[in-house]
1. Might you let me know whether the range 90-102 holds any residue that is within 23 Å of Gly11 (Cβ to Cβ), touching a helix residue (DSSP H, G or I) at 6+ places or on another chain (Cβ under 9 Å), of a type in the set (Phe, Trp, Tyr) and at pLDDT 95 or above?
2. What are the residues in the range 189-214 that are without any contact (Cβ under 8 Å) to a residue 12 or more places away in the chain and in contact with an Asp or Glu (Cβ under 8 Å, 6 or more places away or on another chain), if any?
3. Which of the residues spanning the range 107-122 are surrounded by fewer than 23 Cβ atoms within 10 Å (Cβ to Cβ) and not acidic (Asp, Glu)?
4. When the residues of the range 96-118 are narrowed to those that are outside any loop (DSSP other than H, G, I, E, B) and over 15 Å from the mean Cα position of the chain (by Cα), which ends up nearest to Tyr76 (Cα to Cα)?
5. Does at least one position in the range 132-143 carry a residue that is out of contact with any strand residue (DSSP E or B) (no Cβ under 7 Å at 6 or more places or on another chain), outside any loop (DSSP other than H, G, I, E, B) and not polar (S, T, N, Q)?
6. Go through the range 9-45 and count every residue that is closer than 23 Å to Val135 by Cβ and hydrophobic (A, V, I, L, M, F, W, C).
7. If you take the residues in the range 57-76 that are of a type in the set (Asp, Glu) and loosely packed, with under 14 Cβ neighbours inside 10 Å, which one is nearest to the chain's Cα centre (by Cα)?
8. Is it true that some residue in the range 55-65 is outside any strand (DSSP E or B), of a type outside the set (Phe, Trp, Tyr) and modelled with pLDDT of 95 or more?
Amino acid sequence: MKGTLYGVGLGPGDPDLITRKAARLIENAEVIAYPTLAGGSSFARAIAAELIPATAQEIVMDVPMSVERGPAQAAYDKGAAEIRAALDAGRDVVALCEGDPFFYGSFMYLFARLRKDYAVEVVPGVTSVTTCAAVSGLPMAARNEVVTILPAPKIAYAGVRQMSDTYPTDIIQGSDTIAIMKLGRHFAAVRAVIKEAGLTEKAVYIERASTPDEVVLPLAQAPEKAPYFSMILIVKGADPWL
């Protein structure tokens, strides 16, 4: 009998936001797998640390953060091979993923490599987008309002990808609520687009939501630099009930 692979969403950072199902799987895990960032610590493991059994085997995937996809693909290939060995031995594997596994989650790369050969169960997690809405007190959508989620690189590299010069502004103008994720080194470019759209006063900057280092500020008061785990929410509030 082969083992089952569980892709477990951990939420945005606060361990109290781990679901009961995710906590139960982690507490009973024989094998735990998780990514680390270029030789550093693992945010996913840190979220779940108090739940991980001391007896659990840990499969660590050191994933480089670079524009070139080759090194990251190789890291997931190696991790998938180690997970495959455990599954073939009849052991279940719990793969940890910040946020939700299928919402910009690292687990999807393991899922693509292993789903054809093994039973896989995905356990949803609280997303960073809904968490940022909660901590900033911004209801995201009502009735027929449109929500758009944009990765910051999509805005920063719009010209490189031969899109219209007005592409980012058109998307932002055409939505009722916009969440812009993964700011990091693209923060300045994103800020400029929001200013061009005339929406700075409606934009809120959120950094490391739900963690002890959480920051929530109007975009106009945000620092010059932003970490990767940061987001801008723009809620236009066009619906009459607001």
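1. Yes, some residue in the range 90-102 is within 23 Å of Gly11 (Cβ to Cβ), touching a helix residue (DSSP H, G or I) at 6+ places or on another chain (Cβ under 9 Å), of a type in the set (Phe, Trp, Tyr) and at pLDDT 95 or above.
2. Passing the criteria: only Asp213.
3. Across the range 107-122, the qualifying residues are Met108, Tyr109, Phe111, Ala112, Arg113, Leu114, Arg115, Lys116, Tyr118, Ala119, Val120, Val122.
4. Checking each candidate, the answer is Leu110.
5. yes
6. 7
7. Glu68
8. yes
The values are calculated or read from the model by the stated rules, or taken from the named source; none is laboratory data. Every value quoted in this text rests on a predicted model; they were computed, and no experiment measured them. All Cβ positions, glycine included, derive from the backbone under ideal geometry; neighbour counts span all protein chains shown.
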